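What follows is a short report on a single structure.
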Amino acid sequence: MLQESQLGEHVLELGAGPGAATEELSRLAGRVTSLEYDHKFAAKLGARVNNNASVAVIQGDAATLPFADGAFSSTIAILMLHHLRSNELQDRAFAEIARVLRPGGVFLAFEIQDSWLNRVGHFWSTFVPVAPASVVARLTAEGFSSVTIGARSGGFRIRALR
């Protein structure tokens, strides 16, 4: 997913969870700001990376990002968009991502398909699938360009430029 994109010097990682990608991102970019909605996950990740000066962990909501306009060179959302509670919140997150990205910045995401297996797997958590067929129009409406969707094993990749 990251091979064909330059992340730049400051990556915003949305939905960091336990931090599966955080440390790898810190090797690929000068700075990483990891945003996690769940307080417990954010606290655990913050404690785990507290010796890494290039990583900051913040508890917050992707639909109301607490960052200045144009603060990031790239934004990454791995398996998190479907955890937003509605399509409207997903669209607000897309608008917020566009706002905090610099012109020319890249938004990368990986999502799972809507399926009975994924619905069962999310029985105890939110699952609002992102329809691949709607992504180009939804991101273009929020100011993104060059939106591409690519099928990958287990899901699909989204790449868009601000």
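When the stretch 72-94 is filtered for residues that are touching a residue at least 40 places away in the same chain (Cβ under 8 Å) and surrounded by fewer than 16 Cβ atoms within 10 Å (Cβ to Cβ), the ones remaining, listed by number, are ARG85, SER86, ASN87.
Here is a list: VAL32, VAL55. Which entry is within 14 Å of the chain's Cα centre (by Cα) and buried (at least 18 other Cβ atoms within 10 Å of the Cβ)? Of the residues listed, the single one that is within 14 Å of the chain's Cα centre (by Cα) and buried (at least 18 other Cβ atoms within 10 Å of the Cβ) is VAL32. Beta carbons closer than 8 Å, at least 6 apart along the sequence or on distinct chains, pair a first residue in the stretch 111-136 that is under 18 Å from ASP38 (Cβ atoms) with a second that is among the small types (Gly, Ala, Ser) and in a loop (DSSP other than H, G, I, E, B) for VAL128/SER86. Of all the numbered requirements in (1) assigned to a helix (DSSP H, G or I); (2) out of contact with any helix residue (DSSP H, G or I) (no Cβ under 8 Å at 6 or more places or on another chain); (3) over 15 Å from GLY15 (Cα atoms), ASP91 misses one, and that requirement is (2).
Please go through the stretch 35-52 and give me each residue that is in a loop (DSSP other than H, G, I, E, B) and exposed (fewer than 15 other Cβ atoms within 10 Å of the Cβ), ordered by number. Let's see the steps before the verdict.
In the first step, residues of the stretch 35-52 are kept if they are in a loop (DSSP other than H, G, I, E, B); the result is 37-38, 49-52.
Passing the criteria: ASN50, ASN51, ASN52.
Filter the stretch 1-29 for residues that are touching a Phe, Trp or Tyr at 6+ places or on another chain (Cβ under 9 Å) and among the small types (Gly, Ala, Ser); which is surrounded by the most Cβ atoms within 10 Å (Cβ to Cβ)? Step by step, filter the stretch 1-29, then rank; the result is ALA16. Considering only residues in the stretch 66-100 that are closer than 17 Å to LEU28 by Cβ and not aromatic (Phe, Trp, Tyr), the one that is nearest to the chain's Cα centre (by Cα) turns out to be ALA77.
Throughout, read-outs are computed from the coordinates displayed, never taken from laboratory work. Quantities reported herein were computed from a predicted structural model and do not represent experimental measurements. For neighbour counting, all protein chains shown are included, and Cβ atoms are generated from backbone atoms with ideal geometry for every residue, glycine included.
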